[in-house]
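Below: one structure, written as C-alpha cells.
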Amino acid sequence: MTTRKPSESRIRTRMARTGESYATARAGLSGARTSPKPVTDAGWALRGGLHAETSNLTNVLAHLNGGAASTQLSEAMLLGVGGGLGAGYMLWEIKGQTPNLFLGFRYRWTFHDWAERTMDRLGVGYQAKTTGSSKAAATALHEQLADGAPVLVVPDRQVVGYWHLPPEYALAGRGRPVFSGARRSPVVAYAATDDGIRLDDRNLAPLTVDADTLAEARARVSSTKNRMIVVHTLPEEIALADAVRAGITDCIAQLDAKAATVALPAWTKWSRLVTDQRNAKGWPKLYGKGGMATTLLSVWEHVEPAGLTGGNLRDLYADFLEEAAPLLGDSADAAADAAALFRQAAQLWHEVAETALPWDVPEYARLRELVATISAGVAAGDSAVADRVEAAETLWDLIAEYDRKPPAEPDLARLSEQIQAVHDTEREAVGALRHVVG
C-alpha cells in the first residue's frame, strides 16, 4: 500500500503525547502496515528495535543469517527465550545529588550477561573478549570490523555522547544526578570509517561516534573490562520449543522471587515508599527539599518506549507469548491468557507514567517533547545531532528549574495505587504463566 511519510515534528509530538517509540509513532502516523525497508550502511541493515539488549542481538543474528530477518528469532522471541521479564526499583544515591531512579523490567536486569545466556540457550556460537587495556580493546575492535564482523560492545551512555546526558562538570553544585557508569547497555559496532565507529543503537540511519570517545566510554564501565562479543555461528537447527519453555520457566522464577529489588515485591515496596512520610527513603522526605521533577521524568522515561530504555517490555513479552503459542501445543491457550494479562499490565504502566508526568501540565508536556526529540534524533542518526544537542540543553536546564520549583503537585496517592495495581496484575499474569509450563 502507498503511505504518506509523516514529518519528524509530528512523529516527535506523537511520541511525547502517547509515550510510543519512534518506530511505532512513525508507523501509526503513516498508516503503514509493515516496516519500511531498512537502510543499509556498510553492509549492515539498520532495522531499529525497541530495547537495546534484545534489538541488537536480534539484528546481529539477522545479519549472520545473510541479512534476512528470521521470522522465528524476532526481538519478542529473543526477549522471551532470554528469560523474559524482571521487576526492580532502585535509587542510586550520592551525597549532594538528587537520587537517580532506576526501574528494572528485563530478566536479571542488574546483570549484563543477558546476550551470552540467551545465545547459549539457542546454541549460537560466539566469542567474548575482555582486556584491562583501553588501547588493546580499541585495536581488537578495529581488527574485527576490518574483517567485516559486527561486535557487541558496552559503552557508558554519558561518555559516548549521542544521548546527550549532561557531563559531570556541568552538574557541579547543581545537585543533579551523575550518570557516569550508571547507564550502560550493549550496542553493535559494525563499521569503522574515517569519521569514527558506526553504531547500531536502534537507530534507523547511520550513527557515528569518534573512535577515541567510544574507547573512553567502554573503559568507563570498568566492571565489563572493555568486553566485546563477536557472534560467528548460527546452529543448523534450533530447539526453539525447548528454549521457549526454559525462558518462560526463568521468567516465572524471576518475577516470583522474594527479593524486593529484582522481583515483583519491588513494586509493592515502591508503592509504599511513594507515600511513606516517616521512612527516610519515602518520597515525601526524600524529595521534600527538591528533586521531584527529576524522578518523575525518570519514571516516565523508564516506563514508556519514547525514551532511552525501551520501556516496560510488557507488550513485547505478550508478543513473545503469542509468537510462541504454535510451539506450545496444548498450552497455547494458557499462553494467550498470560499474554492478555501482560498487555493489561502494559496499559497500567502507561497510566503510571501519565500520573508521574502528566501531559496536561504544560511544563511536563514540554519535558516529554524534549525527550522525544532526543530519542527521535538518535533514530535519525548523524543528521540530527544539532536537534539532539539543542533539546538536551533545554531539557537539563528546565529540569534543574522544576526540581527547585515544581510546576504541579504530584498525585502521590494515585501513583501509589497504580503501582500496586501493576503488581497485582503481574502477579496474576505469573500465575497464568505457570499453566503454560506446568
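The values are calculated or read from the model by the stated rules, or taken from the named source; none is laboratory data. Note that the structure is a prediction, hence the values are computed from the model and not measured. Every residue, glycine among them, receives a Cβ derived from its backbone with ideal geometry; neighbour counts consider all protein chains shown. Accessible surface areas use protein heavy atoms only, side chains included; no ligands, DNA or RNA. Shrake-Rupley method; radii C 1.70, N 1.55, O 1.52, S 1.80 Å.
Could you state the number of Å between the C-alpha centres of region 192-214 and region 238-306? Between the Cα centres of region 238-306 and region 192-214 lies a distance of 32 Å. Considering only 375, 49, 190, and ranking their Cα positions along the charge dipole of the chain that arises from unit charges at the beta-carbon of Lys, Arg, Asp and Glu, the one farthest toward the positive end is 375. Relative contact order of the chain, taken over Cα pairs closer than 8 Å and 6 or more residues apart, is 21 percent. According to the square roots a ≥ b ≥ c of the eigenvalues of the Cα gyration tensor, what is the shape class of region 72-117, taking rounded for a/c under 1.5, prolate for a/b larger than b/c otherwise, and oblate for the remainder? It comes out prolate by the Cα gyration axes.
Among the trypsin sites (Lys or Arg not before Pro) in region 259-329, those located in a DSSP loop and surrounded by at most 10 other Cβ atoms within 10 Å of their own Cβ are 278, 289. Taking a ≥ b ≥ c as the square roots of the eigenvalues of the Cα gyration tensor, an a/c ratio of 1.5 or more together with a/b no larger than b/c marks region 205-363 as oblate. Residue-wise HN-Hα couplings along region 361-367, as the Karplus relation 6.51 cos²θ - 1.76 cosθ + 1.60 with θ = phi - 60° gives them from phi, are 9, x, 5, 6, 4, 5, 4 Hz; Gly and Pro carry x. This model, with +1 at the C-beta of Lys and Arg and -1 at the C-beta of Asp and Glu, gives region 84-154 a dipole about its Cα centre of some 180 debye. For region 83-156, just say rounded, prolate or oblate: build the C-alpha gyration tensor, square-root its eigenvalues into a ≥ b ≥ c, call rounded for a/c under 1.5, and beyond that prolate if a/b exceeds b/c, oblate if not. Cα axes put region 83-156 in the oblate bin.
Amide H contacts of residue 84 (H built 1.01 Å from N, in plane; Pro and chain starts excluded): 107 sit under 5 Å, all sequence-distant by 5 or more or on other chains.
Close amide H contacts of residue 149 (hydrogens built in the peptide plane, cut-off under 5 Å, sequence separation of 5 or more or a different chain): none are found. Solvent-accessible area per residue in the chain equals 42 Å², computed with a 1.4 angstrom probe and all protein chains kept. Residue 267 sits among other residues whose Cβ lies under 14 Å from its own Cβ, and their net charge, with Lys and Arg +1 and Asp and Glu -1, is -1.
Placing +1 on the Cβ of every Lys and Arg and -1 on the Cβ of every Asp and Glu, with nothing else charged, gives the chain a dipole about its Cα centre of roughly 900 debye. Seen from every direction in turn and averaged, the convex hull around the alpha carbons of region 373-438 projects onto 8.0 nm².
A Cβ-based charge dipole, computed about the Cα centre of region 249-395 with Lys and Arg at +1 and Asp and Glu at -1, lands at about 1060 debye. Rounded to the nearest whole Hz, the Karplus-based 3J(HN,Hα) values (6.51 cos²θ - 1.76 cosθ + 1.60, θ = phi - 60°) of region 301-315 follow the sequence 5, 5, 7, 9, x, 5, x, 6, 7, x, x, 7, 6, 5, 5, with x at glycine and proline. Matching the structure-derived Cα extents along the principal axes in Å against the labelled list [x] 58, 55, 50; [y] 65, 53, 42; [z] 156, 53, 36 gives the label [x]. Under 5 Å from the amide H of residue 101 lie the amide H atoms of 92, each residue being 5 or more positions distant or on a separate chain, with H modelled from the backbone and absent for Pro and chain starts. Along the chain, the exposed loop sites are GluC sites (Glu not before Pro) outside DSSP states H, G, I, E and B with at most 14 other Cβ atoms within 10 Å, and the longest stretch free of them is 238-438. The sum of -39500 (n - 2.57) across all DSSP H runs of n ≥ 4, divided by the residue count of the chain, sets its helix-only mean residue ellipticity at 222 nm to -16000 deg cm²/dmol. Working note: Karplus 6.51/-1.76/1.60 with θ = phi - 60° gives region 240-257 the couplings 5, 4, 5, 5, 4, 5, 5, x, 5, 4, 4, 4, 4, 4, 5, 5, 8, 5 Hz, where Gly and Pro are set to x.
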